[in-house]
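**Q** Below is the structure I would like to discuss, written out as structure tokens.
Rule-based calculations on the coordinates, nothing more; no lab input. Only a predicted model underlies this, so the values are computations on that prediction, with no experimental measurement involved. Every residue, glycine as well, gets a Cβ built from its backbone with ideal geometry; the counts of neighbours run over all protein chains shown.
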Amino acid sequence: MGHIDLSIIIVNYNSTSLLLECFQSLLRNMDHYSFELIVIDNGSRKEEIINLEKLKQHNNVFLILNENNIGYAKAVNIGLKLSKGEYILISNPDVLYMENSIKELVSAFGSLSNCGAVSPRVWWDERQTFLLPNNELITPGYVFLKNLASHNVYLEQYVLSKWLKKTLLYWKAKKYIEVGLISGSCIMTRKNIINMVGNFDELFPLYFEDTDWFLRVKKAGYKLYYVPEANVVHFYNQSAKQEKESANLKFNLSMQMFLKKHFKFENHIFGVLNKIFKSKNIQKKSLYENIGLLSEPFAFNVKNNSEKLLLLSPVECMIPSAGAFLKNGIITINRDIWERLSDGRYFVKVISLERFNELKSISFTKHL
């Protein structure tokens, strides 16, 4: 193979059907690019491997089959070492690429100064009704503030309002925006940036390896950009959903590693404050109307004709949330999203964008 424009790196773990859909969506975007796809499988089940081997019919696809789950960062680094493209796309397997998404991401590098990496507008569903938020930089102070807010209604509303106003800038953006972090589900960079900044830190078991890399890109003098003209659908966390408890454990472990690596002094100070605060055992009355167990998507009416924002989150503070812009009064979610939600408790807010006030707050427990 001669010159390669783009190397695509995907780590797979029991998500082969989604990966094959991802690959087909990528093919529809490759009319003007030479590319290679490097798939690193992290010990998927036998039936998943059999399905994955369908990719062998393509000459520019390379499969690396690990017997065990060696970790996401280590698997990505295998792909980076093998990659030969001028551009590098690190993608989750549960991502679908909409028309011209690759073209828009590549074009961004020619239009933006000191561009280190870019990511697209990320939807949660193929109907493109729900948007997923941009990554939020987690610092020791941020963790402490969220802990405080979880026990004080007014502080919780303030923190959510501040987060939401920033998130709305991403969701309503028409042109490139320089951002502090980009989405880890779809990262495009250049080979020379990788060579300068280095690979992912393999000490992270799962999560935060991308955030760590983003901070290193910025420290090297490069910028991160959000590219709203490029659209993808991210089915979100489908591999982790299969082993929810293990994924949660790895998230918390990775977060602590990240905070100690980049905010060692602050992490110590706020860690002490968190312990003192938790010892107080302060309780906060929930303002959500609990509508109980649901086996079907919720639906209710809000009598307000202004443009509204529907927020859906697995956490009471609503950070992070997925968001959908609505104009009618019927509040619901489509069945595609409902079926991808794992069992558990969820929180919903409806906000008027005219006055930026809450119209409805409910919680429910999904139970099949």
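**Q** Applying 1/(1 + (r/R0)^6) with R0 = 41 Å to the Cβ-Cβ distance of Phe300 and Val272, what FRET efficiency is obtained, to the nearest 0.05? Kindly include the intermediate steps, with their values, before the conclusion.
**A** Numbers: r = 44 Å, r/R0 = 1.07.
Once rounded, the FRET efficiency stands at 0.40.
**Q** Report the Cα centroid-to-centroid distance between the stretch 1-62 and the stretch 296-353 in angstrom, as an integer.
**A** Measuring centre to centre over Cα atoms gives 34 Å.
**Q** At a threshold of 8 angstrom on Cα-Cα distance, excluding pairs fewer than six apart, so keeping six or more, what relative contact order does the chain reach in percent? Spell out each step's value before the answer.
**A** On the way: 678 pairs, mean separation 65.6, N = 368.
In percent, rounded to a whole number, it is 18.
**Q** Angle, helix 101-111 long axis vs. longest principal axis of the chain, Cα atoms, 0 to 90°, nearest 10?
**A** 80
**Q** Okay, next question. Among Cys317, Ser352, Asn305, whose Cα sits farthest toward the positive end of the charge dipole of the stretch 289-366 (+1 at Cβ of Lys/Arg, -1 at Cβ of Asp/Glu, about the Cα centre)?
**A** Checking the options against the dipole of the stretch 289-366, the answer is Asn305.
**Q** Here is a further query. Taking H as built 1.01 Å from N, whose amide H comes closer than 5 Å to the amide H of Trp123, not counting residues under 5 places away?
**A** HN-HN under 5 Å from Trp123: Leu132, Val232, Val233, His234.
**Q** For Glu202 paired with Leu353, estimate the spin-label separation in nm (one decimal), with each label point 7 Å from Cα along the Cα-to-Cβ line.
**A** The two pseudo-label positions are separated by 4.6 nm.
**Q** Could I ask something else about it? Sum -39500 (n - 2.57) across every DSSP H segment of at least 4 residues in the chain, then divide by the residue count to get the 222 nm mean residue ellipticity, nearest 500.
**A** Values: 12 runs with 133 residues, N = 368.
Dividing the helical sum by the residues of the chain leaves -11000 deg cm²/dmol.
**Q** Between the helical axis of 153-171 and the dominant principal axis of the chain, each derived from Cα atoms, what acute angle in degrees is found, rounded to the nearest 10?
**A** Helix 153-171 sits at roughly 40 degrees to that axis.
**Q** Taking trypsin sites (Lys or Arg not before Pro) that fall in a DSSP loop and have at most 10 other Cβ atoms within 10 Å as cut points, what is the longest piece of the chain between them? Don't skip to the answer; put the middle values down first.
**A** Working: sites that count: Lys174, Lys175, Lys280, Lys285, Lys303, Lys327, Arg355.
Counting at most 10 other Cβ atoms within 10 Å as exposed, the longest clean stretch of the chain is 1-173.
**Q** Also: Fully extended, how many nm does the chain gain between Leu112 and Lys327 (0.36 nm per residue separation, minus their Cα-Cα distance)? Don't jump to the answer; show the numbers that get you there.
**A** Numbers: separation 215, 0.36 × 215 = 77.40 nm, distance 3.49 nm.
Going from the current span to full extension adds 73.9 nm.
**Q** When a/c is below 1.5 the answer is rounded, else prolate if a/b is larger than b/c, else oblate, so apply that to the stretch 296-353 with a ≥ b ≥ c taken from the square roots of the Cα gyration tensor eigenvalues. The partial results should precede the final answer.
**A** On the way: a/c = 2.19, a/b = 1.42, b/c = 1.54.
Cα axes put the stretch 296-353 in the oblate bin.
**Q** Ok, one more. Can you list the residues, at least 5 places off or on another chain, whose amide H is less than 5 Å from the amide H of Val61, using H built in the peptide plane?
**A** It is Leu37, by chain and number.
**Q** If a paramagnetic tag sat 7 Å from the Cα of Glu53 along the Cα-Cβ line, which residues of the stretch 1-43 would have the backbone N under 11 Å from that point?
**A** none
**Q** May I ask you to evaluate 6.51 cos²θ - 1.76 cosθ + 1.60, the Karplus curve with θ = phi - 60°, for each residue of the stretch 6-18 and list the ³J(HN,Hα) values in order in whole Hz, giving x for glycine and proline?
**A** Calculated HN-Hα couplings, in order: 9, 9, 9, 10, 10, 9, 10, 9, 6, 10, 5, 4, 5 Hz.
**Q** Compare Val153, Val315, Val272 in a GNM of the chain, Cα atoms joined below 10 Å, and give the one with the largest fluctuation.
**A** Evaluated over the chain, the most mobile residue of the options is Val272.
**Q** Along each principal axis of its Cα atoms, how long is the chain end to end? Whole angstroms, biggest number first, please.
**A** 62, 48, 44
**Q** State whether the stretch 118-158 is rounded, prolate or oblate according to the following rule on the C-alpha gyration tensor (a ≥ b ≥ c being the square roots of its eigenvalues): a/c under 1.5 gives rounded; otherwise a/b larger than b/c gives prolate, and the remaining case gives oblate. Write down the numbers at each step before the final one.
**A** Values: a/c = 4.58, a/b = 1.93, b/c = 2.37.
It comes out oblate by the Cα gyration axes.
**Q** Another question about this same structure. Could you list, in their original order, any pairs among Lys162/Lys261; Lys103/Lys308; Lys166/Lys303; Lys172/Lys223; Lys162/Lys250 whose Cα atoms are separated by more than 23 Å?
**A** Values: Lys162/Lys261 27 Å; Lys103/Lys308 32 Å; Lys166/Lys303 27 Å; Lys172/Lys223 21 Å; Lys162/Lys250 28 Å.
Result: Lys162/Lys261; Lys103/Lys308; Lys166/Lys303; Lys162/Lys250 exceed 23 Å.
**Q** Under 8 Å for C-alpha pairs, at least 6 residues apart: give me the relative contact order for the stretch 289-366, rounded to a whole percent. Could the numbers behind the result be given before it?
**A** Numbers: 153 pairs, mean separation 30.9, N = 78.
Once divided by the residue count of the stretch 289-366, the mean separation gives 40 percent.
**Q** Going by how many other beta carbons lie within 10 Å of each one, how would you line up Cys22, Cys186, Cys317, fewest first? Walk me through the intermediate numbers first.
**A** On the way: Cys22 25, Cys186 21, Cys317 18.
In order of increasing Cβ crowding within 10 Å: Cys317, Cys186, Cys22.
**Q** Also, I was wondering about something else. With +1 assigned to the C-beta of every Lys and Arg and -1 to the C-beta of every Asp and Glu, and no other charges, what is the dipole magnitude of the chain about the Cα centre in debye, to the nearest 20?
**A** That gives the chain a dipole magnitude of about 1280 debye.
**Q** Looking at the chain as a GNM with Cα springs under 10 Å, which of Ile193, Ile269, Ile38 has the largest mean-square fluctuation?
**A** In the Gaussian network model the winner is Ile269.
**Q** Let me ask something else. Would you work out which of Asn135, Leu80, Gly110 lies farthest towards the positive end of the dipole of the chain? Charges go on Cβ: Lys and Arg +1, Asp and Glu -1.
**A** After comparing all options, I get Asn135.
**Q** Here's another thing I want to ask about it. Between 0 and 90 degrees, rounded to the nearest ten: what's the tilt of helix 264-279 against the longest Cα principal axis of the chain?
**A** In the chain, helix 264-279 runs at an angle near 30 degrees to the longest axis.
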